[in-house]
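First up is the structure itself, then whatever we jot down about it.
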Amino acid sequence: MNKLWGGRFEQGMDQKVEAFNASIDVDQALFTQDIEGSIAHVKMLKKQAIIPSTDADSIINGLLELKEEHANQPLTFSKSYEDIHLNIEMLLHEKIGEVAGKMHTGRSRNDQVATDMHLYTNQKVQQLIKAIQAFQSTIVQVAKSNIDVIIPGYTHLQRAQPILFSHHLLTYFWMLQRDRDRLADSIKRINISPLGSGALAGTTYPTDQRYTQSLLNFDDVYPNSIDAVSDRDYILETMNNINLIMMHLSRFAEEIILWCSHEFNFVTLSDAYSTGSSIMPQKKNPDMAELIRGKSGTVSGHYIGLLMTLKGLPLAYNKDLQEDKQHFFEALQTCIDSVDIFNGMIETMTLNKTVIEKALNNDFSNATELADYLVTLNIPFRKAHELTGLLVKQCIDKGIYLLDVPLSTYQAIHSEIDETVYEYLKPLNAVNRRQNENGTSTQSVLGQIKKAEALL
C-alpha cells in the first residue's frame, strides 16, 4: 500500500528513516480519541453536505466497528503507516474501501493530532483530579481516626514542638488541594477545539467548527488557526502541575521512609506496599515510597525535555511536536499511578502509637512551653528563652528531661514556679494551648477537618 501522502514522491523511504519517523509505538494511546474526533468530523461533513450521507454513514459505522474490535482485542498497527491516524485510516480502508479516504476531507493531520491531544489531556486530567480527591479523602479519614495521637514536630529534622499527627498529615491534604485547584483551573485552557483549523490556515470547505466543538464537548474553538495547531501550552501547563504534585508526593514519601525506619519506627507499612531483600531476610523496605520519590525526578526530566523541544519552534506545525507525546504520556500516567499507590499506602499503614508516645516523652520538644510559662511570670521572652536553654543543657548533662526536673530546681529559676509547671509541660496541654485558627490544638484540627470535608 502506498503512503497516504506519497503522491508527490518517486522514491520510498529508507527503512531506517521509516522506523525513525514512526510514532505508532507511542501515539497508539490516542486510538479512542482519534476515533471520537474522526466520527465528529464526519458527522459534520454529512451535516454540511460536504460528502454524501451514505459515505458518511459507512465511515462512521466502520469507525465504530474498529473501536469495538479494539476493545475486544487490541488491533495490530504497522510502523509503515507512521502513526495512529494513518493506521486507523488504513484499517478503515481495508474494511470499507476507497470511501475511507473521504474521512480526511477538510482536515489535516495537524488539527487531527491537536484534537486528539486536547481530548486525551482533558480526560486524563479529569482522571487525575478524581485520584487526588480519593487520596485527600483517605488523608481526612486517617486524620480523624488518629485525632488523639501526638507526635514530635520537626524543623531542620530536629525535634521542635509537639503537634497532633492529624495536623501534620493534613498538611498534605492542603498541598493536594492546591494541586487539584490548579488542575481544575487548567481545564478551561485544555478543553478548546482546534478541529477545522487544517494544516495552519483553515479550509475552503464550508465546515461548521462549532458543531464539532459541541459533538466533542469542547467549551470553545481556537480563535486563530495557526495557534490551534501549534499550541502545546496546555500540555506544558499540565506537566508543570504534575511536577508540583510529584514534588508534594516526594516530600511525603521522604517522611514515610524516615518514619518506618528502625530509628523512628513511627509507622509500619502494609506488606502489600513493601518489598524484601534478596540477601537480608529481616528487611522490609518502603520501596513504593522510594520509587515515587525517584519518579518525581523522572517526571521533572520529561517536563524539561518538552520545554526544550518547544522553545525554538517557528510557527506553525513542526515534526518536533511528535516528541510531545512520549514525555507527556509517561509523566501523566506516572503521576496518576503514584497518587493511587500513595493512597493505598497511607490507607493501610499502621501508627506505632506506643513508640511515638515514648519518643515524645524523651525529648525537649516542650522547651518552648517552659519559656512561655516563664513569660506568664512576667519574665521577658528573651530572658525566658535563655533560662530554658541553660536548663536544657543541664538536663542533657544529667540524662533527664524537663518533666524530670525537681520543683526545687525550677524554683531556683523563679520562686513563683509551682507544681502547675508539670501540667504546662505535658504534650497534650502544649498542643491544646495552640488554639489559633490554623494551629495544632484538637479543636483547631477538628475545624480544619470540617473545612477539608466540605471541599470533598
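So the values come out like this:
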| item | result |
| --- | --- |
| Any hit, the stretch 115-125, residues being surrounded by fewer than 18 Cβ atoms within 10 Å (Cβ to Cβ) and either over 29 Å from residue 187 (Cβ atoms) or not assigned by TED's automatic domain parsing to the domain that holds residue 53 (or both) | yes |
| Boolean, residue 35 is under 25 Å from residue 124 (Cβ atoms) and either at pLDDT below 95 or not hydroxyl-bearing (Ser, Thr, Tyr) (or both) | yes |
| Residues within the stretch 404-442 that are aliphatic (A, V, I, L, M) and in contact (Cβ under 8 Å) with a residue 40 or more places away in the chain, tallied | 6 |
| Any hit, the stretch 261-271, residues being of a type outside the set (Ser, Thr, Tyr), within 27 Å of residue 339 (Cβ to Cβ) and in a helix (DSSP H, G or I) | yes |
| Some residue of the stretch 412-429 being among the charged types (D, E, K, R) and closer than 30 Å to residue 169 by Cβ | yes |
| Cβ-Cβ under 6 Å pairs, at least 6 apart or on other chains, the stretch 44-55 side not assigned by TED's automatic domain parsing to the domain that holds residue 208 and assigned to a loop (DSSP other than H, G, I, E, B), far side surrounded by fewer than 13 Cβ atoms within 10 Å (Cβ to Cβ) and at pLDDT 95 or above | 48/206 |
| Lone unmet requirement of (1) buried (at least 17 other Cβ atoms within 10 Å of the Cβ); (2) closer than 25 Å to residue 151 by Cβ; (3) in contact with a helix residue (DSSP H, G or I) (Cβ under 6 Å, 6 or more places away or on another chain); (4) without any contact (Cβ under 8 Å) to a residue 60 or more places away in the chain for residue 391 | (3) |
| Which listed residue, of 112, 133, is of a type in the set (S, T, N, Q), surrounded by fewer than 22 Cβ atoms within 10 Å (Cβ to Cβ) and either closer than 30 Å to residue 51 by Cα or in contact (Cβ under 8 Å) with a residue 12 or more places away in the chain (or both) | 133 |
| Residue in the stretch 240-259 that is of a type in the set (S, T, N, Q), in contact with a strand residue (DSSP E or B) (Cβ under 7 Å, 6 or more places away or on another chain) and modelled with pLDDT of 95 or more present | no |
| Among (1) surrounded by fewer than 17 Cβ atoms within 10 Å (Cβ to Cβ); (2) under 29 Å from residue 319 (Cα atoms); (3) modelled with pLDDT of 95 or more - the single one residue 53 does not satisfy | (2) |
| Any hit, the stretch 191-210, residues being at pLDDT 95 or above, within 17 Å of the chain's Cα centre (by Cα) and in the same structural domain as residue 266 (by TED's automatic domain parsing) | no |
| Selection count where residues are more than 16 Å from residue 371 (Cβ to Cβ), of a type in the set (A, V, I, L, M, F, W, C) and in a helix (DSSP H, G or I), scope the stretch 388-428 | 4 |
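Yes or no, residue by residue, for (1) aromatic (Phe, Trp, Tyr); (2) surrounded by 18 or more Cβ atoms within 10 Å (Cβ to Cβ); (3) under 30 Å from residue 226 (Cα atoms); (4) more than 36 Å from the chain's Cα centre (by Cα):
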| site | (1), (2), (3), (4) |
| --- | --- |
| 334 | no, yes, no, no |
| 337 | no, no, no, no |
| 370 | no, yes, no, yes |
| 378 | no, no, no, yes |
| 386 | no, no, no, yes |
| 402 | no, yes, no, yes |
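The values are calculated or read from the model by the stated rules, or taken from the named source; none is laboratory data. Remember, predicted model here, so these are calculated numbers, not experimental data. Virtual Cβ from ideal backbone geometry, glycine too; neighbours counted across all protein chains shown.
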